Amino acid sequence: MKHLSKLNFDQRCYEILKQVPAGKVTTYKAIAEALNSKAYQAVGNAMNRNPNLIDTPCHRVVNSRGELGNYVLGCEKKRQRLEAEGVLIENGRLVNFDEICLTSLKPLS
DNA sequence: ACATTGACAATTA
DNA sequence: TTAATTGCCAATG
């Protein structure tokens, strides 16, 4: 991550996502808006073509209704990963969504 | 709750 | 290269 100007859309999504710490989540919408775009679905696509599950915690991205959304390894896996980070989920929905969701992510320079 | 419409990058043809 | 298709979505009807 040196020359941000040469990062493509996907890579920018990943950079934004790195701002989200364990135990918290964000939404596809928030990421798109941090990129000054409405490409919500494109953000999801970026996650889907899987970069690196280790430094790109795609499981911390949920949809704007506080539901899990989809996941490359299946939504049950996503739930497990989130619960392992202390995120409570009830019937596919984050219990304290409003508390732990980062809605305004900072754009990259 | 379901269907439609809108937006958009990457992939595929 | 351009056109069509796809997709971990969102807002609206």
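The values are calculated or read from the model by the stated rules, or taken from the named source; none is laboratory data. Everything numeric here is computed off the predicted structure, so don't read it as measured data. All Cβ positions, glycine included, derive from the backbone under ideal geometry; neighbour counts span all protein chains shown. For the accessible areas, the whole protein counts, side chains as well, though only heavy atoms, and no ligand, DNA or RNA atoms are used. Shrake-Rupley method; radii C 1.70, N 1.55, O 1.52, S 1.80 Å.
Descriptive notes on the structure:
- Scanning segment A:43-57 for any residue that is open to solvent by 30 Å² or more (accessible area, probe 1.4 Å), of a type outside the set (S, T, N, Q), in a helix (DSSP H, G or I) and more than 10 Å from DNA strand B (Cβ to nearest atom) turns up nothing.
- The residue pairs whose first member lies in segment A:41-59 and is among the hydroxyl-bearing types (Ser, Thr, Tyr), whose second member is in a helix (DSSP H, G or I) and surrounded by 14 or more Cβ atoms within 10 Å (Cβ to Cβ), and whose beta carbons are closer than 7 Å, counting only pairs six or more residues apart or on different chains, are A:THR56/A:TYR14; A:THR56/A:LEU17.
- Qualifying residues in segment A:12-21 (those that are open to solvent by 30 Å² or more (accessible area, probe 1.4 Å) and either touching a Gly at 6+ places or on another chain (Cβ under 8 Å) or free of Cβ contacts under 8 Å to residues at least 40 places away in the same chain (or both)) - the one nearest to DNA strand B (Cβ to nearest atom): A:LYS18
- Any hit, segment A:61-81, residues being surrounded by fewer than 16 Cβ atoms within 10 Å (Cβ to Cβ), among the aliphatic types (A, V, I, L, M) and either touching a Phe, Trp or Tyr at 6+ places or on another chain (Cβ under 9 Å) or farther than 15 Å from A:LEU102 by Cβ (or both): yes
- Sole exception among (1) free of Cβ contacts under 8 Å to residues at least 12 places away in the same chain; (2) small (Gly, Ala, Ser); (3) in a loop (DSSP other than H, G, I, E, B) for A:ALA32, by number: (3)
- Apart from one condition, A:ILE100 fits all of (1) closer than 21 Å to A:ASP10 by Cα; (2) among the aliphatic types (A, V, I, L, M); (3) more than 9 Å from DNA strand C (Cβ to nearest atom); (4) in contact (Cβ under 8 Å) with a residue 12 or more places away in the chain; the exception is (1).
- Residue match in segment A:62-81 (condition: β-branched (Val, Ile, Thr) and part of a loop (DSSP other than H, G, I, E, B)): yes
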